[in-house]
1. Quick one: order B:PHE178, B:PHE235 from most to least accessible surface, probe 1.4 Å.
2. Given only helices, namely DSSP H runs of n ≥ 4 each adding -39500 (n - 2.57), what is the per-residue ellipticity at 222 nm of the protein assembly as shown, to the nearest 500 deg cm²/dmol?
3. Give me the Kirkwood hydrodynamic radius of the range A:2-83 in Å, from all C-alpha pairs, to one decimal place?
4. Pop out the carbon and sulfur fraction of the accessible area of the range A:1-101 as a percent, whole number, probe 1.4 Å.
5. If one computes the Cα centroid of the range B:388-411 and of the range A:1-52, what distance in Å separates the two points?
6. Using a 1.4 Å probe on the protein heavy atoms only, what accessible surface does A:ILE146 show? Give it in Å² to the nearest 10.
7. Write down, largest first, the equivalent ellipsoid semi-axes of the range B:374-549 in whole Å, where each equals the square root of 5 times an eigenvalue of the alpha-carbon gyration tensor.
8. Per the Cauchy relation, a quarter of the hull surface: what is the mean projected area of the convex hull of the alpha carbons in the range B:226-370, in nm²?
Amino acid sequence: MKKQYTISVFTEDQIGLLNRVSIIFTRRHINIESITASESEMQGIHRYTIVLHEAEDLVMKVVKQLEKQVDVVMAFYHGNDELIHQEIALYKLETALLVSGGKVEKILREHHARIISVEPDFTVIEKTGFKEDTQRLFNELEPYGILEFARSGRVAVTKPMKQLKEYLNEIEITTLKQ
Amino acid sequence: METLLKEEIKGKTLSGAEAVAQCLIAEGVETLFGYPGGAIMPVYDALYDYQNELKHVLARHEQGAIHAAQGYARSTGKVGVCIATSGPGATNLITGIADAQIDSTPLVCITGQVHSHLLGTDAFQETDVVGISMPVTKWNYQVTRAEDIPAAIAKGFYVAKSGRPGPVLIDITKDAQFGTFEFIYKPCQHVRSYVPKRAVDQASIVKAAELINQAKKPLVVFGQGVLLGKAEAEFKQILEKAGLPAASTIMGISALPTEHYLYMGMLGMHGNYAPNVLTNSCDLLIAIGMRFDDRVTGNVEKYARQAKVIHFEIDPAEVDKIIKTDVAVVGDCKEALNQLLPLLENRSHVGWLNEFQRLRDLESEQLIQSELEPESGEITMGEVIEQVNRITKGEAIVVTDVGQHQMMACRYAKFKRSRSLITSGGLGTMGFCLPAALGAKIGMPDKQVVAIVGDGGVQMTIQELGTIMQTGAAVKILVLNNQFLGMVRQWQELFFDKRYSSTMMINPNFQLIAQGYGIESRKVEKREDLNEALKNMLEHEGSFLLEVAVGQEFNVFPMVPTGSSVSEIRLK
Ligand SMILES: Cc1ncc(C[n+]2csc(CCOP(=O)(O)OP(=O)(O)O)c2C)c(N)n1
């Protein structure tokens, strides 16, 4: 059964690794819903957060193939219930729409969206949340005219408490044993 | 690892190009295969000073160079080294790299690259070889500074040969080859993000032993992992103690002597009848160092469904990839088999072995006898190989190309020694044979090396006769000429209504070609000349090309048609 999963890949900070990571998905003809790259809590180690909609069995195989890459430190996958995750969305609207007491202002308040920049002819609104939340706001604002919209990929941290450092230590120990 | 670096070189100022040579020497490299060009000229210039330490074999095409490096690596167990220039030189390596990746062959390929300030500008002979080779390398890396060369090469060798081996590509910009730095070399023994092999889990060994001891009809299916893990001796002991019949994938052939009483032959599409049929009768399937390729399993939905499965495998990504296992033993198979041995009980499984014997007799009567000892009609590929067996007594290294002759060689050639069948298994690369045989002969000069190749495949890399001529490598080339792209013609006959679309070939006079390269040659068309001609070729001092005219429309059987189960294998 297909479900939404989030794969976290921790890698050495090296040119070309994004390519190596994405090849594993393209080879198997898997569509990536979103991908985010960032630093991790450990210096010199990058993390990719990849969201996809696939069967668990396939996700597991992909994770093993990711982990097999020489410069990949670790890869995990999690279902949505094992993660805290958020996406950020930016909405560009005409400033004239934001007259106080108007309908748009009310929508923004109900959605806990923030105004982050006001210019004479446009205003940028920010909303962080699940994709459904940012989408709902989009749907409500759409009739008023959205000049530009962008949504980030998912950023996520996992609920299980084991830290990257512990995993790294474990690898160090198993490899040094040989 | 002992570094072979001379004391006086440490800390000396060297160019990047000289450093490449020094690093190769430090890694114990003696032979490399390659082809020069603009972007790699500094390295070639440095090699000029190291001709005593590093023997460079100049191929006639970069594909030839890399297949030769593969043949060298597979016959010796060492890392094969290959050098090429940027752009077309580098792209010509790709087929060999892909072949080495899928067949787990340890290679280090070094390519030249344009100056770093020109990267990404479509400069002359610039290709993004790191990008192109990424899906087919175990690891690759671009070096843009001379001082990064030693660490990159050290990591490259470590990655190529450790764990499940594979090809590595290191791309070095021309300015990095020219740049100078204070040379130091430290072999790599550890990469924090990379676990070459996991420690074997004792509990999995205990479970595996239990299943093996309880099994009434166990079957071992083994692959190249046995020989890559140098576990041939342990493997044989396990089989003998527990009385386990064993069949090989194409890549595992020669890990167990073909005459061993427990060797049941080859698995898969054109494999032997008994192990294919009985895969679907065994109660325990013990997979060792193999990866359930679709050519081995046939229809996976109907593969060994009745059996429990144990999988000994070094690469965790292979476990449960195709076949769900009941017990996975992840790690080095030599270690694992060593731990398993004392836990096994002595068995002989006489009744079960008799089932194999019955089917082997059947295959022999209905098929093999007429293939190996035909009394009339055109010459068969099988009889040529059988005659070679009689002369070489299973001591030769056999290198094949791809097609009908390959399947025949894998089915009928006899081997006493490990690493003596070299063939392109996973990729099925036509053109592999001739250069790979050259590489094998250079790696194992005291062994007889017989290249068995089709009239189609030999023409894909026939230019390497030039390399054979120049190196004087005494490769014995056996061209089995059926005037067709035989394997494709066979499929056209069986599955496309005999519509022989673009598979008939008008061939050149191979004797004249050989003669042009100063290589002795002969052509055999009659059965009565065959034995003497083969003897002649094998006893000849130098290289020799023997062309044998074989039946034009013979087929390879048995066969598991695509989509069928292995037990539906057809004898005709
Ligand atoms: C590079 C490459 N191109 C195409 C093929 C497809 N192919 C597989 S077997 C074969 C025919 C080989 O003919 P030949 O070399 O004469 O050997 P035979 O089958 O007759 O023994 C072909 C074309 C291949 N394996 N490799």
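The values are calculated or read from the model by the stated rules, or taken from the named source; none is laboratory data. Bear in mind that the values here come from a model prediction, so they are computed numbers and not experimental data. Here Cβ is always computed from backbone atoms with ideal geometry, including for glycine, and neighbour counts include all displayed protein chains. Protein only, heavy atoms only, side chains kept; ligands, DNA and RNA dropped before computing areas. Shrake-Rupley method; radii C 1.70, N 1.55, O 1.52, S 1.80 Å.
1. B:PHE178, B:PHE235
2. Calculated at 222 nm, the ellipticity per residue is -10000 deg cm²/dmol.
3. 12.6
4. 53
5. Cα centroid to Cα centroid, the span is 45 Å.
6. Probe radius 1.4 Å; accessible area of A:ILE146 about 40 Å².
7. They are 24, 18, 17 Å, listed from largest to smallest.
8. 8.3
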